[in-house]
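The values are calculated or read from the model by the stated rules, or taken from the named source; none is laboratory data. Quick caveat, the model's predicted, so the values are computed rather than measured. We place every Cβ from the backbone using ideal geometry, glycine too, and count neighbours over all the protein chains shown. Heavy atoms of the whole protein, side chains included, go into the accessibility calculation; ligands, DNA and RNA do not. Shrake-Rupley method; radii C 1.70, N 1.55, O 1.52, S 1.80 Å.
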Amino acid sequence: MRNGRPDTDYVYWRWKPRDCNLPRFDPKRFLNMMRGKSLAFIGDSIMRNHVQSLLCILSQVEQAVATYHDEQYKSRRWVFPSHRLTLSVVWSPFLTKASVYEDLNGISSGIIQLHLDDLDATWTDQYKNFDYVVIAGGKWFLKSAIYYENNTIVGCHNCQGKNITQLGFYHAYRKALNSTLKFITSSKHKAFTFFRTTTPDHFENGEWNTGGYCNRTRPFREGEIDINDMDGMMRNIELEEFERAAAIGSEKDLTLKLFDTTSISLLRPDGHPGVYRQFHPYSRKDKHLKLQNDCLHWCLPGPIDYWNDLMMEIFVNG
């Protein structure tokens, strides 16, 4: 709205599950439930988006105090003093160790080097400090990368011109999730863990860098949209790896919950910033500049708020 988006219906649509009632998130109850605890969101910018939603809702009861940020403000930490709740977002877009050569605008100067069996210490070194964890992989796996296992190149995705086997990102995604969930289920520290499924985007007539846009102003009706092949395959991998990990976790008295937000998010093409990620994009002086659409992240308030409704319901009744 601040950036000039003219429609407002996206703020008021709510997801209503069939045959049951999903209460609105109760910030006071949540803060009391989480008193003295530590909650961490581990992943990419969608995790940051989720945390932004949660911070907004909790601010109705208590304002968070920022206590830490990394140099680029990607990993951050807040505390709610009167409830002694620590809330963190940990930047780890692949969950595994990666060398990334991109600037702040996502412009690459070299191909990503991704270790599928060696986890990112950014989150694993802190894991023992977290009582609750929300963790997920995501769209970064679509990027061109060279894959390593045991510090040896085993293949790549989209690395034309190199004499390396094209394994594809599905292979890497499965390996990375397997390594991640294996760490969680074998850890002596038993955090209450939510494993979130993939987030669909809503680019139409192109991708983020080829003129794709999202200008819909109402949700899809049920049956009006199907998950695309790529997101469907990623979700299948997630469900298979989660099921394998959950079986191990149940034997070790570990609480591992599937946080399945894919289908409810798929129905909300209206909930993205689109061109309104920038301030009043249509009033810019240079009319020849291409407008960048954001059809992956979510407006606040908007659809991502009911991820928190769902998360709290799992906390309370899960």
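Assorted remarks:
- Per residue, the accessible area of region 256-318 comes to 45 Å² when a 1.4 Å probe rolls over the protein heavy atoms.
- Residue pairs exceeding 23 angstrom between C-alpha atoms, taken from LYS128/LYS257; LYS162/LYS182; LYS16/LYS182: LYS162/LYS182; LYS16/LYS182.
- Of the residues LEU258, LEU291, LEU114, the one that moves most in a GNM of the chain with alpha-carbon contacts below 10 Å is LEU291.
- The relative contact order of the chain comes to 21 percent, based on Cα pairs under 8 Å that sit 6 or more residues apart.
- Among the protein heavy atoms of the chain, carbon and sulfur supply 49% of the accessible surface, probe 1.4 Å, non-protein parts ignored.
- Comparing VAL51, VAL90, VAL11 in a Gaussian network model of the chain, where Cα atoms under 10 Å apart are tied by springs, the biggest mean-square fluctuation is seen for VAL11.
- For the chain, the Cys residues with no second cysteine's beta carbon closer than 4.7 Å are CYS20, CYS56, CYS299.
- Amide H contacts under 5 Å for HIS272: CYS299, restricted to partners 5 or more places along the chain or on a different chain, H placed in the peptide plane at 1.01 Å from N.
- Counting Lys and Arg as +1 and Asp and Glu as -1 over every other residue whose Cβ lies under 12 Å from the Cβ of ILE237, the net charge comes to -1.
- Accessible surface calculations at 1.4 Å, restricted to protein heavy atoms, place region 131-252 at 52 Å² per residue.
- Annotation: the antiparallel percentage among DSSP beta bridges lying fully within the chain is about 45.
- For the chain, calculated [θ]222 nm from helices alone, where every DSSP H run of n ≥ 4 adds -39500 (n - 2.57): -8000 deg cm²/dmol
- Using a Gaussian network model of the chain in which every pair of alpha carbons under 10 angstrom is joined by a spring, one finds that among LEU85, LEU167, LEU54 the greatest mean-square fluctuation is at LEU167.
- For ALA121, net neighbour charge (Lys/Arg +1, Asp/Glu -1) across residues whose Cβ lies under 13 Å away: -1
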